[in-house]
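S.K.: So that we are looking at the same thing, I have put the structure below in structure tokens.
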Amino acid sequence: MLKGRAFKFGDNISTDHIIPGRYAYLRSNLPELAKHVMEDADPDFATKVNKGDFIVGGANFGLGSSREHAPLVIKMAGVSAILTKSVARIFFRNAVNLGLPVLICDTGGIDDGDELEVDLAKGTVYDKTNGEKLTFDRLPKVMLDILARGGLVPYIQKYGDF
Amino acid sequence: MGKTLAEKILSLKSGGDARAGDIVIAQVDLAFAQDTTGPLTIRQFQAGKFERLANPSKTVLFFDHASPSPNRELANDHQFMRRFAEETGCKISDIGGGVCHQLVAESFAKPGDVIVGADSHTVTAGALGAFATGMGSSDVAIVFALGKTWFRVPESLKILVSGEMGRGVMAKDLVLQLIGTIGADGATYKALEFKGEGLKSLKLSDRLTVANMAVEAGAKAGLFPADKVTRDYLNHQKRGEDYQPLAADSDAVYESQININLTALEPTVAKPHQVANIALARELKGIKIDQVFIGTCTNGRLEDIATAAKIMKGRKRHPPTRFIIAPASPQVLLDAISAGYIRTLVEAGAVIMPPGCAACLGLHQGVLADGESCLSTANRNFKGRMGSPEAFIYLGSPATAAATAITGEITDPREVM
């Protein structure tokens, strides 16, 4: 069971909101890069977020660049999962490849600051603040297997192949 | 039941009957990374303790995003990539070598290929009938090691193209209208497949512009059939043997169909801060522009620079408006020099950058200041993209960009042609 607070964002949060291209010079210095997580969407996010918290998006979360640093800095911030109405394709694969779950559900009723409980096995989200329960779409088997190993590289190390 | 282009290519490369919705493992013909995604790709490859590349001659590292290196940190990243190439025998395209997607088109991609790159605009090679898609560093690292990856076979949207573009209209206007119509997530997880008699008039450079921006509608691929236009291009690149005709089956199944009449298009601009936020150039007259940028994998080709040079011939840029041009490859630069376009543009007040991504992503060579506005021929106008999160990016064609450089405000190119 994952437990934490919701940080709510709008539709079309791009990889440039999550970690702008201007910080590309920090991509080999991840602790410094991670200080800028979500900076162009919420400049204070990096200081407010706590381990276990959730990012809650709207439509098309993570559109844009293929930079895997986007889900990487979110994971480094301690975020336990991203809940969103829909997600851009490359960001989705990248997050799962790093062992960061992206859960597709109707996030419209979740408010910023709500306390959430997520049961990955059952596919449910419980919003303790407003009492609502949500279910999220099951991932394809290959993605569940990759998540179970903590990411793509450890998955291939374990099995040697897909 | 017939197959779409995506289903045909993924069937061929997975050795099975790939249908939309299936998960397949496909062989990869070319895998690459660039200098902002390459270091993490290499680190993931090393984390997996892989000892060798599956196909060194089909593995490429391109130095284009920050090239030549603008600071110590990125110089160290370049050094790290060069060492990896020495150790593994992969190919590199070092500084000044040009934008990865342009080089993939010029020298690597062929109809029926599967191509993956650690860059979202890898979709560009769909112009040649290759199933080409962007992935992150972990995925590409595994392709480096295994020579294959998994795909969910995408559903396809049929984009039926008719007519012919009029004066002052370019392929950029086509693709901006398409994205404006279907939205920034209108094709998420899907392939855009372009068909119809209108394709005959779209040169390969036009098709590269259109396929390049498929990802701005969320698409996994933007696919064109391989036809006479493709054959002529490959012959021109002295790669005639790489040609094979490729078309979807006549009874292929598409999720939906969108019709585009080229004849009806007008110069189009995407307004800040979303690509789908379009308007006609003539509707934006009066918006002051501090910097005009022509280049990138979207519009840094010879045809783009030729269009700009023809408009700028004998004219000067509006004095306070900066005018930056970055040819997408050395071949483009040399051809533009031979044709006299570079002289014309420098005389008009343009600054010429080395072949590479230049100002596109806010790392160097034309970073915007707070409050400034730029008219760019690139593919993204997200907040913060070109440096300052307080800047405003408008996207348009090279013709619209040149017209805007002359007047210093967004201008429909038909006004100055």
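S.K.: Quick one: if you take sqrt(5λ) for each eigenvalue of the C-alpha gyration tensor of region A:2-159, what semi-axes come out, biggest first, whole angstrom?
M.R.: 22, 20, 14
S.K.: What is the sum of charges, Lys and Arg at +1 and Asp and Glu at -1, for the other residues whose Cβ falls under 12 Å from the Cβ of residue B:186? Mind showing how you got there, number by number?
M.R.: Values: positive: B:190; negative: B:185, B:216, B:255.
So the surrounding residues net to -2.
S.K.: Give me the net charge of residue B:332's neighbourhood, meaning all other residues with Cβ under 12 Å from the Cβ of residue B:332; Lys, Arg count +1, Asp, Glu -1.
M.R.: Net charge around residue B:332: -3.
S.K.: So between residue B:82 and residue B:241, what do we pick up on full extension, going 0.36 nm a residue minus the alpha carbon distance?
M.R.: Extending this stretch completely gives an extra 54.1 nm.
S.K.: Also, quick follow-up: Which whole-number percent of Cα pairs in region B:280-354 have a distance greater than 17 Å? Display every interim value, and only then the final one.
M.R.: Numbers: 1183 of 2775 pairs.
Tail of the P(r) past 17 Å holds 43 percent of the pairs.
S.K.: Top mean-square fluctuation among A:71, A:101, A:31, Gaussian network model of chain A, C-alpha springs under 10 Å?
M.R.: A:31
S.K.: Tell me the trypsin sites (Lys or Arg not before Pro) within region A:77-162 that lie in a loop according to DSSP and have at most 12 other beta-carbon atoms within 10 Å.
M.R.: Hits after loop and neighbour filter: A:122, A:128, A:138.
S.K.: Using a/c under 1.5 as the rounded threshold, could you call region A:1-86 rounded, prolate or oblate? The axes a ≥ b ≥ c are square roots of the C-alpha gyration tensor eigenvalues, and prolate needs a/b larger than b/c, oblate otherwise.
M.R.: oblate
S.K.: Each residue of region B:304-321 in order: what ³J(HN,Hα) in whole Hz does its phi give by Karplus 6.51 cos²θ - 1.76 cosθ + 1.60, θ = phi - 60°, with x for Gly and Pro?
M.R.: 5, 5, 4, 4, 5, 5, 5, 6, 7, 3, x, 10, 10, 5, 4, x, x, 7
S.K.: Could I ask something else about it? Count, for each residue of B:405-416, the Cβ atoms from other chains sitting within 10 Å of its Cβ, then give me the mean as a whole number.
M.R.: Average per residue, whole number: 0.
S.K.: Over all residues in A:26-36, what is the mean tally of Cβ atoms on other chains that come within 10 Å of each residue's Cβ?
M.R.: That works out to 2 on average.
S.K.: Moving on to the next point. Provide the net charge surrounding residue A:106, with neighbours chosen by a C-beta distance below 13 Å and charges set as Lys +1, Arg +1, Asp -1, Glu -1.
M.R.: With Lys, Arg at +1 and Asp, Glu at -1, the neighbours total -1.
S.K.: Also, I was wondering about something else. Order these by the 10 Å Cβ neighbour count, fewest first: A:117, A:68.
M.R.: The order, fewest Cβ neighbours first, is A:117, A:68.
S.K.: Let me check against my output: what whole-number percent is the relative contact order of chain B, with C-alpha pairs under 8 Å and at least 6 apart?
M.R.: For chain B, the relative contact order is 18 percent.
S.K.: Right, another one. Rank these for me by crowding, A:114, A:44, A:145, going from fewest to most other beta carbons within 10 Å.
M.R.: Result, fewest neighbours first: A:44, A:145, A:114.
S.K.: Rank these for me by crowding, A:125, B:140, going from fewest to most other beta carbons within 10 Å.
M.R.: Working: A:125 25, B:140 31.
Lowest count first: A:125, B:140.
S.K.: Let me ask another. Take every Cα-Cα pair in region B:85-233 and report what % of them are more than 26 Å apart.
M.R.: The proportion of pairs with Cα distances above 26 Å equals 25 percent.
S.K.: How much of the calculated P(r) for chain B lies past 29 Å, in percent of all Cα pairs?
M.R.: The share of Cα pairs beyond 29 Å in chain B comes to 41 percent.
S.K.: In addition: Less than 27 Å apart at the alpha-carbon level, and either on another chain or at least 8 residues along: which lysines does that give for residue A:122?
M.R.: A:3, A:8, A:51, A:75, A:85, A:133, A:141, A:158
S.K.: Normalise the Cα radius of gyration of the protein assembly as shown by 2.2 N^0.38 Å (N = residues in it) and let me know the number.
M.R.: 0.91
Bear in mind these aren't lab numbers, they're just calculated from the coordinates by the rules spelled out. The structure displayed is predicted, hence computed values, not measured ones. Every residue, glycine among them, receives a Cβ derived from its backbone with ideal geometry; neighbour counts consider all protein chains shown.
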